[in-house]
């Protein structure tokens, strides 16, 4: 079962403070959303659970053998924003459904690897939580959704497989436009946890968006980006650094498989990664100024041995308008 920890409203003053905070604007520009859950102690109290308004961090914890570490509790984690420890108001573990977008490069430079690309994307879909809601963005020199216009998300594996095969291999590469399209679609996602699987060689020669614009968009959301780099030695446009940067800045991971079988295994591994994450949430402070805020998550569980944490290193916050990219966080 999904286990969730959040703020408990035990007194009228606490409740008033929480209700007042509902008027604030969220870290990701989204209004507060509250819902009530029965107290775990069965005391008749209520839990005010706010996820959309919080800075929400999907966190992956592994051991020295790179195996997922389960069984941790909220007391095992510490969260810091710009060096200051924040109170964890939301804690979830187990397999939480996710809204996932599969963004697939069908440009001419990927022609020799098309079968590998589709096989990997299908493997990701098949290994995902059956309750996930997914969509497909296909791109070459233009960007299209794989699902019908009246189906923004689906849980149907067969429909997703058909969507992946819908676009022929041709033309140049509008990678940044495809990512911008996928990030915009996720704003309407039916589930709060969000991820993108990007399969490409990282090159772009046809987009209207720039890399820095797309990176700002990603840094202003809670979306995790997993990137799989598949390269053709004859292509001059491939850019693995773009894939690495997108993954690192969102708490995901970039993979560079060297064989067809490895593409499929990596995609299955990514699906497992998504399903083994902890979700932490905290309320940011200083809601009157824009800028990049650094995040650090520590985990302390001596009986588990040395542990490794992966999450996003920070996010862009804007209380009243478009985010601003601070020095050191822009790349063209």
Additional length obtainable on full extension of the chain from residue 82 to residue 289, 0.36 nm per residue less Cα span: 73.2 nm
Let's test the formula: R0 of 35 Å, r as the Cβ-Cβ distance of residue 304 and residue 161. What FRET efficiency results, to the nearest 0.05? 0.35
Please order 217, 110 by the number of other Cβ within 10 Å, starting at the fewest. 217, 110
Neighbour counts of other C-beta atoms within 10 Å: give me 224, 230 arranged from fewest to most. 230, 224
Rounded, prolate or oblate (a/c below 1.5 giving rounded, otherwise prolate when a/b exceeds b/c) for segment 180-332 by Cα gyration tensor: oblate
To check you understand DSSP bridge types, tell me what percent of the beta bridges within segment 99-275 (both residues inside) are antiparallel, rounded to 5. 15
Potential extension, residue 119-residue 144 segment - 0.36 nm per residue separation minus Cα distance: 7.0 nm
Order by neighbour count: 285, 94, fewest other Cβ atoms within 10 Å first, most last. 285, 94
Quick shape check on segment 99-275: root eigenvalues a ≥ b ≥ c of the Cα gyration tensor, a/c under 1.5 is rounded, otherwise prolate if a/b tops b/c, else oblate, and it reads rounded
Relative contact order [Cα under 8 Å, 6+ residues apart], segment 99-275, whole percent: 28
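Values quoted throughout were computed directly from the atomic coordinates according to the rules given, and no laboratory measurement underlies them. These figures come from a predicted structure and were not determined experimentally. Positions of Cβ are backbone-derived with ideal geometry, glycine not excepted, and every protein chain shown enters the neighbour counts.
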